[in-house]
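First up is the structure itself, then whatever we jot down about it.
The values are calculated or read from the model by the stated rules, or taken from the named source; none is laboratory data. Keep in mind that this is a model prediction, so the values were computed, not measured. For neighbour counting, all protein chains shown are included, and Cβ atoms are generated from backbone atoms with ideal geometry for every residue, glycine included. These accessible areas exclude ligands, DNA and RNA; they are computed on the full protein's heavy atoms, side chains included. Shrake-Rupley method; radii C 1.70, N 1.55, O 1.52, S 1.80 Å.
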Amino acid sequence: MQVTATLRHARISPQKCRLVADVVRGQPVGSALATLKFMPKKGAELVYKVVYSAAANAENNNGADIDELKVHRIF
């Protein structure tokens, strides 16, 4: 099952967000959120909100368990 969340019109360069996204790619959602919460980069807060939104979408719309979710693709 794939769940998506999109952030549009972000006022940050793609390179800065890509550095943050590369760190959490492939991690479980709980670990990714914990990593993003304490990361001192500007894009970490934006990526945190998107990953949290995708996890909430999976739980609410598809009845998925958050502990079993993983960040498969992020770009």
Return yes when residue 6 is of a type in the set (S, T, N, Q), open to solvent by 70 Å² or more (accessible area, probe 1.4 Å) and touching a helix residue (DSSP H, G or I) at 6+ places or on another chain (Cβ under 9 Å) and no when it is not.
yes
Just give me the residues in the range 25-75 being surrounded by 14 or more Cβ atoms within 10 Å (Cβ to Cβ) and of a type in the set (Phe, Trp, Tyr), in sequence order.
48, 52
Residue 74 versus (1) in a helix (DSSP H, G or I); (2) under 24 Å from residue 9 (Cβ atoms); (3) not small (Gly, Ala, Ser): which is the lone unmet condition?
(1)
Identify, from the list 33, 19, 7, the residue that is assigned to a helix (DSSP H, G or I), over 8 Å from the mean Cα position of the chain (by Cα) and without any contact (Cβ under 8 Å) to a residue 60 or more places away in the chain.
19
Which of (1) touching a residue at least 24 places away in the same chain (Cβ under 8 Å); (2) out of contact with any Ser or Thr (no Cβ under 8 Å at 6 or more places or on another chain) does residue 24 not meet, given it meets every other one?
(2)
Could you count how many residues in the range 36-60 are outside any helix (DSSP H, G or I) and within 12 Å of residue 71 (Cβ to Cβ)?
0
